[in-house]
Amino acid sequence: MSISLSVSSSASVQSQQARIAVESRNLRVWYGKFMAVRDIHLQVEECKITALIGPSGCGKSTVLRAFNRMNDLVPVARTEGEILFQGKNIYDPDVDAVEVRRRVGMVFQKPNPFPKSIYENIAWGARINGFKGNMDQLVEESLRGAALWDEVKDKLKQSGYSLSGGQQQRLCIARTIAVKPDIILMDEPCSALDPIATLRIEELMRELVNQYTIIIVTHNMQQAARVADYTAFFMVDDTRTGYLVEYGKSDQIFMRPKDKRTEDYITGRFG
Amino acid sequence: MPGQPSGARRPLDLRKRTRAGESIIQLLLKGAGAVSVLTTVGIVVVLVYDAFVFFRRPEPTFLEFFTGTTWQPQILRFGIFPLLNATLLTSVIGMTVALPIGLMIAIFLSEYASPRLRGILKPVLEVLAGIPTVVYGFFALGFMTPLLKNLFGKDTVEIFNVASAGIVIGILIIPLISSMSEDALSAVPRALREAAYGMGATRLETAVRVVLPAAISGIAAAVIVAMSRAVGETMVVAIAAGAGPRNFGDWGQATGGLNFLNPFKAAETMTGHIVRISGGDLSYDTIDYDSIFAIAFLLFIITLILNIISQWIVRRFREEY
């Protein structure tokens, strides 16, 4: 079966030395009786950008949200299989989802700053995470990290909503890194942004990846090709259940896809 | 036949049409809007006029009205303090009960309850709001007062008392606060909650420190309505709070031992007094009759001020998303 084939190919992607930040094994997510994704095996390498691509409804966002237990917030969602984060399955009964999310941050599709000041947007997450240090310094550090400092340093007291869409998204990234997570999940972070703002976010991602592991869901294949070190291609079967088709280094996926379906998708024959 | 625009076959007529339906509906809607505005204007005019009639009489003076400590129309003493004090007491007690409980219910319904549980609880709560206030009145008299007597001593708690009425007013306005606040909380975009959860916030942190502040203008609106309701509530206080003003000889007597604040003694509120006076066989054009318009006018001013204050608070603390 092609699925098991792709699984073995995905395993071979990782060299022996590469350190794995997070890994899904046999991941299945159900919404009530509907199986949204099935049998996802994915090893995400540390300090790399991994892109999840595929047609709409293929469950790539569901997979992404499984990595920090965001799906727990959907009452009917149920997760099977394992997600190993530093060797620990985050779906074990003794694991606290809140603690998982403190280590695995998230940036969303639409910029969603808090309706508070720019400063408070950053300070909020740090504060609830028990940050006791110099807050001014942390705010500056985080805003610099998100390449936003120069634009907002004179208006930290203004509402986060006074910023442009692209700036808001960078504010959301700044607020995420203020919590100092190990992994940052990005769910189509540029889909609400114009091309210039998109480019800035992509540049920012390349900078951030020196310190953070990034997993990004994107509809934009060029984006995946531009920024991602690894790319996972998902598809959806007849029962609308998503599955992983092929996973590998981005240049391999985009230049020499092994699977016919991947090739069809990236050459624009469907999707 | 390529290149043939489909509209070309029809003659073009873009002249203005008269649409009777549209005009009628617009008129109806404007009329409906006018009814509420005119009613308010009418009420204000009547209140102001009759209050003016009252103050034009020789006996009551502005000074006595606002500074007197006795309200006794029989001997022509018209100091508003005893009535105003009772209204404020019952309202403050009511809000003290209703605000925390109502908000907690709202937060529970919006942030904690499953959709199924919310689907059951919210209608039940709204039914509570539909119970006639006379029932609440007898609930105060027949249940709350005996309960207070048992808790605080039979001699401390009078049969008619402010505490019992105030607490029941609180219970009465809980559904108002919780239902309106729940609407405000639920209207906060899901994206904000996800943002908070995504940073490792707990449910409580998300609810209290993100959702609640974002919903504050809606919650404040709920509190305004509830406060106005508490101040204006009539039946409960008429039945359970007492049928006579808690008069004081002078300010020393009122404030001595904080007598005026004692919640376990009877006191008649502004609304309670109005309904008792107007319910009796009081003839038109007497000073007693005119006095209730002065009371009502003051009541109106109080709710107006409450509204203005809360709107100022909302503007000050609103978090716009």
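The values are calculated or read from the model by the stated rules, or taken from the named source; none is laboratory data. All of these numbers come straight from a predicted model, not from anything done at the bench. Using ideal geometry, Cβ is built from the backbone for each residue, glycine included, and neighbour counts are taken over all protein chains shown. Keep in mind that these areas ignore ligands, DNA and RNA; they rest on the heavy atoms of the full protein, side chains included. Shrake-Rupley method; radii C 1.70, N 1.55, O 1.52, S 1.80 Å.
Out of the residues in segment B:259-312 that are among the small types (Gly, Ala, Ser) and in contact (Cβ under 8 Å) with a residue 40 or more places away in the chain, which is farthest from B:Asp155 (Cα to Cα)? Let's see the steps before the verdict.
So the first thing to find is which residues in segment B:259-312 are among the small types (Gly, Ala, Ser), and the list is B:266-267, B:272, B:278-280, B:283, B:291, B:294, B:296, B:310.
Going one step further and asking which of them are in contact (Cβ under 8 Å) with a residue 40 or more places away in the chain, we end up with B:266-267, B:272, B:291, B:294, B:296, B:310.
On the way: B:Ala266: 13, B:Ala267: 17, B:Gly272: 24, B:Ser291: 34, B:Ala294: 35, B:Ala296: 34, B:Ser310: 39 Å.
Filtering segment B:259-312 for residues that are among the small types (Gly, Ala, Ser) and in contact (Cβ under 8 Å) with a residue 40 or more places away in the chain, the one farthest from B:Asp155 (Cα to Cα) comes out as B:Ser310.
How many of the residues in segment B:293-312 are open to solvent by less than 30 Å² (accessible area, probe 1.4 Å), at pLDDT below 90 and more than 14 Å from the chain's Cα centre (by Cα)?
Within segment B:293-312, residues that are open to solvent by less than 30 Å² (accessible area, probe 1.4 Å), at pLDDT below 90 and more than 14 Å from the chain's Cα centre (by Cα) number 0.
Look through B:Val45, B:Val97, B:Val92 and report the one residue that is open to solvent by 60 Å² or more (accessible area, probe 1.4 Å), among the β-branched types (Val, Ile, Thr), at pLDDT 90 or above and over 29 Å from B:Asp250 (Cα atoms). Walk me through how you get there before you give the answer.
Values: B:Val97 fails: open to solvent by 60 Å² or more (accessible area, probe 1.4 Å); B:Val92 fails: over 29 Å from B:Asp250 (Cα atoms).
On inspection, the qualifying residue turns out to be B:Val45.
Show the residue pairs meeting these rules: Cβ distance below 8 Å; 6+ apart or different chains; first residue within segment B:239-256 and under 24 Å from B:Thr271 (Cβ atoms); second residue among the acidic types (Asp, Glu) and at pLDDT 85 or above.
Hits for this filter: B:Ala241/B:Glu268; B:Gly242/B:Glu158; B:Gly242/B:Glu268; B:Ala243/B:Glu268; B:Gly244/B:Glu268; B:Pro245/B:Glu268; B:Arg246/B:Glu268.
Among the helices (runs of 4 or more DSSP H) contained in segment B:121-237, which hold 1 or more residues that are within 14 Å of another protein chain (Cβ to nearest Cβ) and open to solvent by less than 40 Å² (accessible area, probe 1.4 Å)?
Numbers: elements: B:133-139, B:145-152, B:162-186, B:190-198, B:203-206, B:216-232.
Qualifying helices (runs of 4 or more DSSP H): B:162-186, B:190-198, B:203-206, B:216-232.
What residue, of B:Ala34, B:Ala98, B:Ala86, B:Ala20, is touching a helix residue (DSSP H, G or I) at 6+ places or on another chain (Cβ under 7 Å) and more than 30 Å from B:Ile216 (Cβ to Cβ)?
B:Ala86
Just one of the numbered conditions (1) closer than 23 Å to B:Thr96 by Cβ; (2) touching a helix residue (DSSP H, G or I) at 6+ places or on another chain (Cβ under 6 Å); (3) open to solvent by 50 Å² or more (accessible area, probe 1.4 Å) is not true of B:Val275; which one?
(1)
Across segment A:256-271, what is the number of residues that are within 12 Å of A:Thr231 (Cα to Cα) and either open to solvent by 60 Å² or more (accessible area, probe 1.4 Å) or at pLDDT 90 or above (or both)?
Here the count works out to 2.
Quick check, is A:Arg25 open to solvent by 10 Å² or more (accessible area, probe 1.4 Å) and within 14 Å of another protein chain (Cβ to nearest Cβ)?
no
Which condition does B:Asp285 not pass, out of (1) buried (at least 21 other Cβ atoms within 10 Å of the Cβ); (2) more than 29 Å from B:Leu103 (Cα to Cα), if it passes all the others?
Result: B:Asp285 passes all but (1).
Determine whether A:Tyr243 is hydroxyl-bearing (Ser, Thr, Tyr) and assigned to a strand (DSSP E or B). Full working, then the answer.
On the way: hydroxyl-bearing (Ser, Thr, Tyr): yes; assigned to a strand (DSSP E or B): yes.
Taking the combined requirement at face value, the residue satisfies it.
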